[in-house]
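The values are calculated or read from the model by the stated rules, or taken from the named source; none is laboratory data. Every value quoted in this text rests on a predicted model; they were computed, and no experiment measured them. As a convention, Cβ positions derive from the backbone with ideal geometry for all residues, glycine included, and neighbour counts pool all protein chains shown. Ligands, DNA and RNA are stripped out before the accessible areas are found, and what is left, the full protein with its side chains, is counted by its heavy atoms. Shrake-Rupley method; radii C 1.70, N 1.55, O 1.52, S 1.80 Å.
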Amino acid sequence: MFVAIMGYGVVGSGVASLLKKNHEHIVQKSMQNELELKYILDRRTFPGDPYEQIVISDFSKILEDDEIKIVVETMGGVHPAYEYVLACLKAGKSVVTSNKELVAVKGCELLEVADEHNVNFLFEASVGGGIPIIRPISQCLAANDIDEIAGILNGTTNFILTKMITEGMTFDEALLLAQKNGYAERDPSADVDGFDACRKICILAALCFGKHVYPDSVHTEGIRKIKLSDVEYAHSWGGVIKLIARAKKLEDGRVSVMVSPAFVQNHSQLASVDDVFNAILVRGDAIGDVVFYGRGAGKMPTASAVVADVIDCAKHMERKKFFGWKDSEPGYVADYLENVTSFYIRATTENAASAVASFNSLFGKVELLTRENAPEGEIAFTTEPISEKELSEKLAGLKDAKIESVIRITDY
């Protein structure tokens, strides 16, 4: 049996390396006589690379080669990955991908096409990198009615926040260090603005609740606005700040999905997840809370998950392995303004007594927070649970203080 890889970047080269390094073991696990890498598709050339001779630039060679039964897509982005994957599935080739953006945007359609053509479309590596999560949800936790899923899904932002929490770095300082260490791209927007985590929670929500969740329907906030003063107030409150992606099933059949910074209590299993590590909490009616933890990205951890899917495809050539979800209708994802939670608020004022009185009047009694060396006129507090819409309306009419920061409080 022959395999092709589309995209010879960090993950694609890791897949090729792992297929060679553990070749005998992988073939044995695949239940095939052989599992050989035949083509690597990339626009670049790689002089001196061990796989130089099988690098091609013409996609049609993969598409038209009947010996290619499994195609690995590690190109990234939606286009042309979508067109290539769609064509492969229609040609009767199973596809494995690590491409979270592709699955988040086009997953429902691609799963349907795979089903129609009796092939597999697998994407374990698209959410947690090397952390097993797709297969455990679809198989090991299949007996559970999953109510909620949440987690730290982006290693770059978690590294930045960890440095702010443990070493007192500013956001800009921590971001620069992340870039120097290779954890953040030159343009870090996908990570620090929450888009990467958004795509991942969309995939998890679709898998858990049975309908596609499109990224543009999810309220997404990043960590650019987090200040060291917020980190210190979180410590005073008894917790830390994490970028949390979460999805919850509502009683009316809709889902609430959001990505944002959040206060997490120190006793939470998510609070101790530091540096580039990720953690995903699944809340089921039978099992309770289960947390999956590990490196959410990286060349070899991600390649490990990709190759595991290749093995799964090889084992299910004649007995297709299908799981997936249906498309969703407009309004399936609830407006985030309906969300009810407690909030942390930091404000500045020239009249602290008057501002505190206003906050108490607006929110009922608030819990004031303190930190060392807080400047005069700075106020921080937490509220009782309130809807996002009501919070916005109340703050819009505030005259005694300037709002500097608003962060949600979780119960994970």
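Return yes when residue 199 is touching an Asp or Glu at 6+ places or on another chain (Cβ under 7 Å) and assigned to a helix (DSSP H, G or I) and no when it is not.
yes
Would you check which residues across the stretch 17-41 are more than 16 Å from residue 51 (Cβ to Cβ) and charged (D, E, K, R) and list them?
Within the stretch 17-41, 24, 29, 34 meet the criteria.
Among the residues of the stretch 284-311, write down those that are open to solvent by 20 Å² or more (accessible area, probe 1.4 Å), under 26 Å from residue 24 (Cβ atoms) and not small (Gly, Ala, Ser).
295, 299, 300, 301, 311
Residues in the stretch 366-385: is at least one exposed (fewer than 14 other Cβ atoms within 10 Å of the Cβ), more than 17 Å from residue 233 (Cβ to Cβ) and either in contact with a helix residue (DSSP H, G or I) (Cβ under 6 Å, 6 or more places away or on another chain) or among the aliphatic types (A, V, I, L, M) (or both)?
No, that holds for no residue.
Please report, ordered by residue number, the strands (runs of 3 or more DSSP E) entirely within the stretch 1-101 with at least 1 residues that are of a type in the set (S, T, N, Q) and open to solvent by less than 70 Å² (accessible area, probe 1.4 Å).
By residue number, 94-97.
Across the stretch 386-406, what is the number of residues that are open to solvent by 60 Å² or more (accessible area, probe 1.4 Å) and among the small types (Gly, Ala, Ser)?
Number of matching residues: 2.
Can you tell which of 344, 336 is of a type in the set (Phe, Trp, Tyr) and within 20 Å of the chain's Cα centre (by Cα)?
Just one listed residue meets the conditions, 336.
Quick grid of which residues meet (1) in a helix (DSSP H, G or I); (2) of a type in the set (Asp, Glu):
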site	(1), (2)
342	no, no
355	yes, no
359	yes, no
368	no, no
372	no, yes
375	no, no
381	no, no
400	no, yes
405	no, no
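Quick one: is residue 359 in contact with a Leu (Cβ under 9 Å, 6 or more places away or on another chain), free of Cβ contacts under 8 Å to residues at least 60 places away in the same chain and not aliphatic (A, V, I, L, M)?
For residue 359, the condition - in contact with a Leu (Cβ under 9 Å, 6 or more places away or on another chain), free of Cβ contacts under 8 Å to residues at least 60 places away in the same chain and not aliphatic (A, V, I, L, M) - is met.
Let me spell it out: the conditions are (1) open to solvent by less than 40 Å² (accessible area, probe 1.4 Å); (2) farther than 22 Å from residue 271 by Cβ; (3) in contact (Cβ under 8 Å) with a residue 60 or more places away in the chain; (4) not hydroxyl-bearing (Ser, Thr, Tyr), and residue 409 meets all of them except one. Which number is the exception?
(2)
Which residues, counting only those in the stretch 203-217, are part of a helix (DSSP H, G or I), in contact with a Phe, Trp or Tyr (Cβ under 7 Å, 6 or more places away or on another chain) and open to solvent by less than 20 Å² (accessible area, probe 1.4 Å)?
The answer is 206, and nothing else.
Could you please find all residues in the stretch 170-189 being open to solvent by 40 Å² or more (accessible area, probe 1.4 Å) and of a type outside the set (Phe, Trp, Tyr)?
Once the filter is applied, which keeps residues that are open to solvent by 40 Å² or more (accessible area, probe 1.4 Å) and of a type outside the set (Phe, Trp, Tyr), the stretch 170-189 yields 170, 172, 173, 176, 177, 179, 180, 181, 182, 185, 186, 187.
Inside the stretch 391-403, can you point out the residues that are in contact with a helix residue (DSSP H, G or I) (Cβ under 9 Å, 6 or more places away or on another chain) and not β-branched (Val, Ile, Thr)?
Across the stretch 391-403, the qualifying residues are 391, 392, 394, 395, 397, 398, 399, 400, 401.
The rows are residues; the columns are (1) under 22 Å from residue 177 (Cβ atoms); (2) open to solvent by 10 Å² or more (accessible area, probe 1.4 Å); (3) small (Gly, Ala, Ser).
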| position | (1), (2), (3) |
| --- | --- |
| 219 | no, yes, no |
| 227 | yes, yes, no |
| 233 | no, no, no |
| 248 | no, yes, no |
| 252 | no, yes, no |
| 257 | no, no, no |
| 260 | no, no, yes |
| 272 | yes, yes, yes |
| 279 | yes, no, yes |
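Considering only residues that are hydrophobic (A, V, I, L, M, F, W, C) and within 24 Å of residue 379 (Cβ to Cβ), look in the stretch 235-246 and name the one that is least open to solvent (accessible area, probe 1.4 Å).
241
Residues checked against (1) farther than 30 Å from residue 373 by Cα; (2) assigned to a helix (DSSP H, G or I); (3) in contact (Cβ under 8 Å) with a residue 24 or more places away in the chain; (4) among the charged types (D, E, K, R):
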position	(1), (2), (3), (4)
231	no, yes, yes, no
240	no, no, yes, no
251	yes, no, no, yes
281	yes, no, yes, no
301	yes, yes, yes, no
